[in-house]
Ligand SMILES: Cc1ncc(COP(=O)(O)O)c(C=O)c1O
């Protein structure tokens, strides 16, 4: 990494964040948006209440930052009905917009340009773009860039986040879906195999690009380099939804980044695995295969003209932390993970998802030699921060284990029928590790009393039905009949009219074409998209997921009893 980026600003600076601090400290009078006027509207309300006290009254104007005490006056009506807590007001003082000195995300020339250049340097991109609408905005923009004419063909991994499907709809694209490779051990889908990508680019040489997701929600992945090479030989860009891998490549124990494998456009949710505010994400670009001026236009279309400066500054801060501390930024978080794994080894009931050759070894991360693992070429790297556990006795499903962990004060990232994903990060501590270990020890004892370890019989809790581990399929998977490539599927924004739909029970929906998207959430991977014919297997899957208590987006019936489908053509 360079000491200075192309703007000449040192990596230990955070130009955008510093601009917000300067704005706050300048005490200029605001005759511009936002209407809360640096939070002044609430300070005025405080003043208008009798007995607000000198401290609070001094809060209006220059001294407020240093003088106002914490006034979260819970229960002291009417104050608490209108005035937010101190932390919120402090943030409003930095909630600036495009004024002199704060630059413009859609035409960056000043502090935003400097911050983005520093990000490009830190993450190894030629150019980086800040996203204030999460990876969602990045996925939409990338698809709208490569699909430069109606009906453009894109080669897309089938199990993608809904934002990718939405991008295809917005672009009026035709998607050839690529079957992901499924890890036989865990049953979890990773990205498409090299052979699948090769077959796709050969059959559709006119395709505008290849779009894959790596790592998956469980932190599983493999080396992308051969796929990037295939794409480039075919003259296509490789686009990667690396929403879950913003930290990749930043520490020797972390898997390599998609950019370093040669991807042309990479989207990362900085807010997920690094330290940005929610919605803070980045799009990184390299090479000649993406039309960057079109990309800028597309970003301007899908992103607000009033992007949140606190969100953008949090991207700047997140980058600075990595840039200044390098791999050391992850030392404490990795120590927490290792402590957790050591403790977990003493609880054999709870097993850990890992690539086959690295089971329970220390260190168990990073990049094994794919050649050494025939049959596991799609899963050779595991994100150490995504700790995926399961109850090997089968007593608790993933959903059940999540419930128990939450009852012990530990909130996992997500669960499915079998697994619970515990998300550690550079912010995790040894205390966090100990807390969740304590919880698992407690759950182990509590459930051992009722169910023998050997029984492998699922218990039924309020929201669970019996799960037979061999039949396990994750909510992440949405593949079924092992068609390596689909025919091109046309996407558009053409709505399906109410008059053309009927509601049918989930039990009877097989054979119909769906009129709505069915999206188990998390992880947000559509099982069915509008217009797609519902196979008996998928209908059964929706039913089972409903029974085990999964949540869905897209289904208009909130009880999940019925699905809107297209009236059969007469
Ligand atoms: C694989 C994947 N891609 C994209 C997204 C969208 O990311 P964001 O929430 O940052 O918009 C998600 C969200 O969970 C995701 O899991």
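To two decimal places, what compactness ratio does region 185-254 give when its Cα radius of gyration is scaled by 2.2 N^0.38 Å? Numbers along the way, then the final one.
Working: Rg = 13.0 Å, N = 70, 2.2 N^0.38 = 11.1 Å.
Normalised by 2.2 N^0.38 Å, the Cα Rg of region 185-254 equals 1.18.
Pull out a ≥ b ≥ c, the square roots of the eigenvalues of the alpha-carbon gyration tensor of region 106-240, then state rounded if a/c is under 1.5, prolate if not and a/b is larger than b/c, and oblate in the remaining case. Here region 106-240 falls in the prolate category. The Cα atoms of region 192-315 give a gyration tensor whose axes a ≥ b ≥ c have a/c of 1.5 or more with a/b no greater than b/c, which makes the shape oblate.
Can you tell me which of 274-286, 493-505, 9-21 comes out highest on packing, and rank the rest after it, using the mean Cβ neighbours within 10 Å? Numbers along the way, then the final one.
On the way: 274-286: 22.9, 493-505: 12.4, 9-21: 19.6.
In descending order of packing, they fall as 274-286, 9-21, 493-505.
Translational diffusion coefficient of region 495-566 at 4 °C, 1.567 mPa s, Stokes-Einstein with Kirkwood Rh over Cα pairs, in µm²/s as a whole number.
Working: Rh = 11.8 Å.
It diffuses with D of about 110 µm²/s by this estimate.
FYI, it's all coordinate maths here, none of it is from the lab. Computed from a prediction, not measured in an experiment: that's the story for all the values here. Note that we place each Cβ from the backbone using ideal geometry, even for glycine, and neighbour counts take in every protein chain shown.
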